[in-house]
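Below is one structure, written out as structure tokens, with a few remarks after it.
Please treat every number below as a calculation from the coordinates, not as lab data. Being a predicted model, the structure only gives us computed values, none of them experimental. Note: ideal-geometry Cβ built from the backbone for every residue, glycine included; neighbour counts use all protein chains shown.
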Amino acid sequence: WLLGQHIEGLNTADLNWGTANASPITLSFWVYSSIAGTHGATLQNNNSDRSYPFTYSITSANTWQYQTITVPGDTTGSWYSNNNTGIALFYDLGVGTTYQGTNNTWQTGNYYPSNVVHPVASSNGSFYLTGVQLEKGTQATSFDFRHYGVELDLCRRYARPWGGGSIGRAY
């Protein structure tokens with residue numbers, strides 16, 4: 001089980017990933033889970049042949065906690081800078097051991113974090129996110145709140161509705 005977001009390459013082109021000038025990024029978010037422990041997520045390219053599995057700690061169950069993770073820019077791999085997926089972010093809610101990689105390092109392949117708890121593996125497990133923000137650089141800034149109408153238009157542009165056995169873009 002994964003919770004994911006695909007970020008368009010037009011929005012990530014200035015990171016220069018796949019080059020010697022790759023910029024680091026900082027991911028910040030608020031998280032709430034019924035299970036304390038080491039949780040994980042991964043960043044991937046569009047081809048799923050480059051990944052950066054990482055972990056974060058939820059120290060107390062059923063409590064909102066703020067997280068910041070800084071990731072070095074990837075100097076190798078193929079990263080789109082057009083309207084394809086530039087970066088995909090996936091929170092690991094229950095990925096099996098087949099796809100576990102080495103935590104906190106860029107690697108070739110489609111990998112997720114190892115040695116993490118999985119909220120969906122627990123009866124009545126819960127996992128909530130809010131205020132997710134990915135930024136160029138090594139510092140997290142305050143969350144960028146947008147007017148409801150602007151956010152709705154962006155959702156219509158980027159949302160991927162699920163259902164009926166197929167995935168499609170909503171425009």
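Using a simple charge model, +1 on the beta-carbon of Lys and Arg, -1 on the beta-carbon of Asp and Glu, nothing else, what dipole does the chain show about its Cα centre, in debye to the nearest 20?
Numbers: 7 positive and 9 negative charges, 46 e Å.
My answer is approximately 220 debye.
How charged is the neighbourhood of Y52? Take every other residue with its Cβ under 14 Å from the Cβ of Y52, and add Lys/Arg as +1 and Asp/Glu as -1.
Summing Lys and Arg as +1 and Asp and Glu as -1 gives -2.
Using each residue's phi in the range 84-100, evaluate 6.51 cos²θ - 1.76 cosθ + 1.60 at θ = phi - 60° and report the 3J(HN,Hα) Karplus result to the nearest Hz, with x for Gly and Pro.
For the range 84-100, the Karplus-derived couplings read 7, 5, x, 9, 10, 10, 10, 8, 7, 9, x, 7, x, 6, 4, 9, 7 Hz, x marking Gly and Pro.
How large is ³J(HN,Hα), in whole Hz, for each residue of the range 38-49 in order, when computed from phi with the Karplus curve 6.51 cos²θ - 1.76 cosθ + 1.60 and θ = phi - 60°, using x for Gly and Pro?
Per-residue couplings from phi come out as 8, 10, x, 8, 8, 10, 9, 8, 4, 7, 6, 10 Hz.
Could you work out the local net charge near T130, counting Lys and Arg as +1, Asp and Glu as -1, over the other residues with Cβ closer than 15 Å to its Cβ? Before the final figure, lay out each step's value.
Details: positive: R146; negative: D144, E151.
Surrounding charge for T130 is -1.
Given H placed 1.01 Å from N in the peptide plane, which residues other than close sequence neighbours of S126 have an amide H under 5 Å from its amide H?
S34, I35
Which of F54, N110, F127 sits farthest toward the positive end of the charge dipole of the chain, with +1 on the Cβ of Lys and Arg and -1 on the Cβ of Asp and Glu?
Checking the options against the dipole of the chain, the answer is F127.
Under the rule of at least 5 residues apart or a separate chain, name every residue whose amide H is placed under 5 Å from the amide H of Y112.
Amide H neighbours of Y112: Q100, G101.
Modelling each spin label as a point 7 Å along the Cα-to-Cβ direction, I'd like the N11/Q65 distance in nm, to one decimal.
With each label placed 7 Å out from Cα toward Cβ, I get 2.7 nm.
In the range 90-160, which trypsin sites (Lys or Arg not before Pro) fall in coil by DSSP and have 14 or fewer other Cβ atoms within 10 Å?
On the way: sites: K136, R146, R156, R157; in loops: R146.
Taking the range 90-160 and a limit of 14 other Cβ atoms within 10 Å, the loop trypsin sites (Lys or Arg not before Pro) found are R146.
Only one of the listed values, [x] 10, 38, 32, 15, 4, 0; [y] 10, 36, 39, 16, 0; [z] 8, 26, 29, 25, 11, 0, was derived from the coordinates as P(r) over Cα pairs in 10 Å bins from 0, in percent; which label is it?
[y]
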